[in-house]
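Take a look at the structure set out below.
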Amino acid sequence: MTAAEELKKNAARAACEAVRSGMVLGLGTGSTTHHALVRLGELLREGRLKDIVGIPSSLATEKTARGLGIPLGDLEAHPEIDLTIDGADEVDPELNLIKGGGGALLREKVIAQASRRNLIVVDESKLSPRLGTRWALPVEVVPFACAAEKRFLASLGAAVRLRVRDGRPVATDQGHWILDAAFGPIADPAALAGALDRRAGIVEHGLFLDLAHEVIVAAADGVRRLSRPS
């Protein structure tokens, strides 16, 4: 395991200390969250956790969680989630996030909005003075609207690329495509989120504003916790 992965593992294990028996848990997607899933599986096998139910944010997370013996449910049976553990691509000083590097932004936002508490786990490289400084904004679009929404994002000042793998557009679990829109530092994330929300062809975007309650940061000198400013 690389030093960076070891840091992620330590932070993910710290996040799992917030989990209690009987909780409904939102399960995020990505490499950092994977370490949390592994730890949850260990705690269940050791009998230190019981009667939890996980709500996975992607098919990949669902597969991993099942393999680790984590009981799973859905929002139909559990519309309110006690705690979600997830990662982020970028975190600003107000704990606003850019997410979607793993392509699960739609389900991740649904789960975040259904959660009483969102606990985000990152390494210190994800901290940023302003969203967009280090990461392009993922925008999930209906394939039919891809060209129109790409043009719209460009009109807002973004350099836009369709996310492609092996020569084909990357499809989300819902069958949508992702445009990665590099805006540079975003002066007003709320205004940009509002503009994107008004576009019919945009299904969701990676601006997660006012959703994170706490961020656990893994650094070379240890793990620290950041709380949303009051």
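List, please: which pairs have Cβ atoms under 6 Å, are six or more places apart or on different chains, and start with a residue in segment 95-121 that is closer than 19 Å to ASP74 by Cβ and end with one that is in a helix (DSSP H, G or I)?
Qualifying pairs under 6 Å: ASN118/ALA112.
Checking the condition free of Cβ contacts under 8 Å to residues at least 12 places away in the same chain, more than 12 Å from the chain's Cα centre (by Cα) and under 18 Å from ALA195 (Cβ atoms), which residue from ALA145, ALA136, ALA154 passes?
ALA154
Tally the residues that are of a type in the set (D, E, K, R), buried (at least 23 other Cβ atoms within 10 Å of the Cβ) and closer than 18 Å to ARG134 by Cα, restricting the search to segment 94-113.
Residues in segment 94-113 being of a type in the set (D, E, K, R), buried (at least 23 other Cβ atoms within 10 Å of the Cβ) and closer than 18 Å to ARG134 by Cα: 1 in total.
Here is a list: ALA181, ALA187, ALA212, ALA191. Which entry is exposed (fewer than 12 other Cβ atoms within 10 Å of the Cβ), at pLDDT 95 or above and not in a helix (DSSP H, G or I)?
ALA187
Looking at the structure I just gave you, is THR64 in a helix (DSSP H, G or I), of a type outside the set (A, V, I, L, M), at pLDDT below 95 and buried (at least 17 other Cβ atoms within 10 Å of the Cβ)?
Criteria not met by THR64.
Would you be able to say whether some residue in segment 83-96 is more than 18 Å from VAL217 (Cα to Cα) and in a loop (DSSP other than H, G, I, E, B)?
No, that holds for no residue.
Working only within segment 177-230, note down all residues that are more than 19 Å from ALA12 (Cβ to Cβ) and among the charged types (D, E, K, R).
ASP180, ASP188, ASP197, ARG198, ARG199, GLU204, ASP210, ARG228
Take the conditions touching a helix residue (DSSP H, G or I) at 6+ places or on another chain (Cβ under 8 Å) and not hydrophobic (A, V, I, L, M, F, W, C) and apply them to GLU5. Does it pass?
In short, yes.
The values are calculated or read from the model by the stated rules, or taken from the named source; none is laboratory data. On a predicted model such as this, the values are computed, not experimentally measured, just so you know. Every residue, glycine as well, gets a Cβ built from its backbone with ideal geometry; the counts of neighbours run over all protein chains shown.
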